[in-house]
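To start, the structure under review is shown below, and the notes come after it.
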């Protein structure tokens, strides 16, 4: 496939850049585009070519990948006379790997078909550090034919793949996943703030939490290497977590599913953003809770990791 299909990759942010780099390293012919000239230059240095515009990328490539912040950017790239759909050849495939409103995915899929294209939604699970190591998890909504067509790309960027069903199921699965991840992050932050207020030994508290049914993936995988180590540089920001929980709540309302916990978590992240903490890694919500409570931030000894 790498020898026969040219790949367009639009969106070279914290996740997109390493993902695109792995594609180049695995021999895919890549044409890249981003608002950051530095990001494009990095990929060009790795062996990709720079696209002049969205239309240029679409005209050159038979598979066009987007990894963008929200539905707004994906729709701007896909639609309109200068967009992907109006400029890609019939039979091309549009693969959106962003986390967006599933109703937007449904509309984009219809628009793609009207232009003679097919669409795949393949949002990414796990964290930026996993993208660096080509260890992403993908939740894919696609026809069987399209899934087979894009599977070599997924193999180059990740190590876990779930074909969730037809177009739209990938994004909806991602919202379910992120609902659990984001709400657990808030719960963990509140619990650690309470531990700090009680004056408990943080390492012993962590050992107990990780050894009982209170254990969870965020507490085990993300917190020890990020906020508890004093590192709140973003892999996935509070701003993006707020964006995703808002998508989740909107989708839940549309589906008539009550989510009272989700509503509370969204407001907690809104409060964090209002206090200018939105650029922190979302594990940094633990620091935010301690800041609001005027207690010391939770920190483990340097080098500590769960057993």
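Quick one: is residue 65 buried (at least 19 other Cβ atoms within 10 Å of the Cβ) and modelled with pLDDT of 95 or more? Give the derivation first.
Details: buried (at least 19 other Cβ atoms within 10 Å of the Cβ): yes; modelled with pLDDT of 95 or more: yes.
Taking the combined requirement at face value, the residue satisfies it.
(1) at pLDDT 95 or above; (2) crowded, with 17+ Cβ neighbours inside 10 Å; (3) more than 20 Å from residue 53 (Cβ to Cβ): which one isn't true of residue 92, the others all being true?
Residue 92 satisfies every listed condition except (3).
Are there any helices (runs of 4 or more DSSP H) wholly within segment 235-296 with 2 or more residues that are under 18 Å from the mean Cα position of the chain (by Cα), and if so which? Full working, then the answer.
On the way: elements: 238-254, 260-274, 285-293.
Fully inside segment 235-296 and qualifying: 238-254, 260-274.
Given the criterion in contact (Cβ under 8 Å) with a residue 40 or more places away in the chain and out of contact with any strand residue (DSSP E or B) (no Cβ under 9 Å at 6 or more places or on another chain), identify the matching residue among 26, 6, 59.
Sole residue among the options that is in contact (Cβ under 8 Å) with a residue 40 or more places away in the chain and out of contact with any strand residue (DSSP E or B) (no Cβ under 9 Å at 6 or more places or on another chain): 26.
Yes or no: segment 208-217 includes at least one residue that is over 27 Å from the mean Cα position of the chain (by Cα) and outside any loop (DSSP other than H, G, I, E, B).
So far as segment 208-217 goes, yes, one or more of its residues are over 27 Å from the mean Cα position of the chain (by Cα) and outside any loop (DSSP other than H, G, I, E, B).
Quick one: would you say residue 160 is under 15 Å from the mean Cα position of the chain (by Cα), at positive phi and surrounded by fewer than 19 Cβ atoms within 10 Å (Cβ to Cβ)?
Details: under 15 Å from the mean Cα position of the chain (by Cα): yes; at positive phi: no; surrounded by fewer than 19 Cβ atoms within 10 Å (Cβ to Cβ): yes.
Criteria not met by residue 160.
Restricting attention to segment 64-77, which residues are out of contact with any helix residue (DSSP H, G or I) (no Cβ under 7 Å at 6 or more places or on another chain) and assigned to a strand (DSSP E or B)?
65
Please indicate, with yes or no, whether at least one residue in segment 221-230 is buried (at least 21 other Cβ atoms within 10 Å of the Cβ) and outside any helix (DSSP H, G or I).
yes
Could you please find all residues in segment 14-58 being outside any helix (DSSP H, G or I), within 23 Å of the chain's Cα centre (by Cα) and surrounded by 14 or more Cβ atoms within 10 Å (Cβ to Cβ)? Spell out the reasoning first.
Taking segment 14-58 first, the residues outside any helix (DSSP H, G or I) are 14-15, 26-36, 47-53.
Retained after the next criterion (residues that are within 23 Å of the chain's Cα centre (by Cα)): 14-15, 26, 28, 30-36, 48.
Hits for segment 14-58 are 14, 15, 26, 28, 30, 31, 32, 33, 34, 48.
Could you tell me which numbered condition residue 171 fails, if it satisfies all but one of (1) surrounded by fewer than 21 Cβ atoms within 10 Å (Cβ to Cβ); (2) assigned to a helix (DSSP H, G or I)?
Every listed condition holds for residue 171 apart from (1).
Answer with yes or no whether residue 281 is within 22 Å of residue 128 (Cα to Cα), surrounded by 15 or more Cβ atoms within 10 Å (Cβ to Cβ) and touching a strand residue (DSSP E or B) at 6+ places or on another chain (Cβ under 9 Å).
yes
The values are calculated or read from the model by the stated rules, or taken from the named source; none is laboratory data. Since the model is a prediction, treat every value here as computed from it, not as a measurement. We place every Cβ from the backbone using ideal geometry, glycine too, and count neighbours over all the protein chains shown.
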